[in-house]
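Heads up: the structure comes next, in structure tokens.
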Amino acid sequence: MNLITVGLGVFFILYGTTTYILRIYKPEFFWKLEPMKQKWGEKRGYFIHVFSYSILPILFGIVYTILGIIG
């Protein structure tokens with residue numbers, strides 16, 4: 001078990017979860033969200049922002065955690 005990789009995985013999971021929760025309760029916290037909506041459109045800009053700042057970190061975190069546990 002590699003503790004550094006597991007730690008990075010947990011960090012990414014917490015980061016992605018935190019940004020997702022903040023996006024629900026305080027969307028004004030994300031200053032890049034509005035420019036992305038203006039550039040890509042309302043729905044597409046929101047999806048790109050959620051995917052890049054919430055979903056990808058959670059997926060990376062899951063992969064890193066599994067790889068860290070495996071060794």
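Please report the relative contact order for region 3-70, taking Cα pairs under 8 Å with a sequence separation of at least 6, and give it as a percent rounded to a whole number. Mind dumping the intermediate values first?
Working: 70 pairs, mean separation 40.6, N = 68.
That works out to 60 percent.
Could you give the angle, 0 to 90 degrees to the nearest 10, between helix 3-25's Cα long axis and the longest principal axis of the Cα atoms of the chain?
Tilt of helix 3-25: around 20 degrees.
Quick check: at a probe of 1.4 Å, how many percent of the accessible area of region 3-70 sits on carbon and sulfur atoms? Don't skip to the end; give the middle numbers.
Working: 3750 of 5000 Å².
Carbon and sulfur atoms account for 75 percent of the accessible area of region 3-70.
Just to compare against my own numbers: the Cα pair-distance distribution for the chain, 5 Å bins, whole % per bin, please.
Distribution as computed: 4, 19, 21, 18, 13, 10, 8, 5, 1 percent.
Using the heavy atoms of the protein chains and a 1.4 angstrom probe, tell me the accessible area per residue for the chain in square angstrom.
Numbers: 5290 Å² over 71 residues.
That works out to 74 Å² per residue.
Would you check the accessible area of Thr17, probe 1.4 Å, heavy atoms only, in square angstrom rounded to 10?
Estimated to the nearest 10 Å², Thr17 gives 60 Å².
The values are calculated or read from the model by the stated rules, or taken from the named source; none is laboratory data. These figures come from a predicted structure and were not determined experimentally. What goes into the accessible areas is simple: the full protein's heavy atoms, side chains included, and nothing from ligands, DNA or RNA. Shrake-Rupley method; radii C 1.70, N 1.55, O 1.52, S 1.80 Å.
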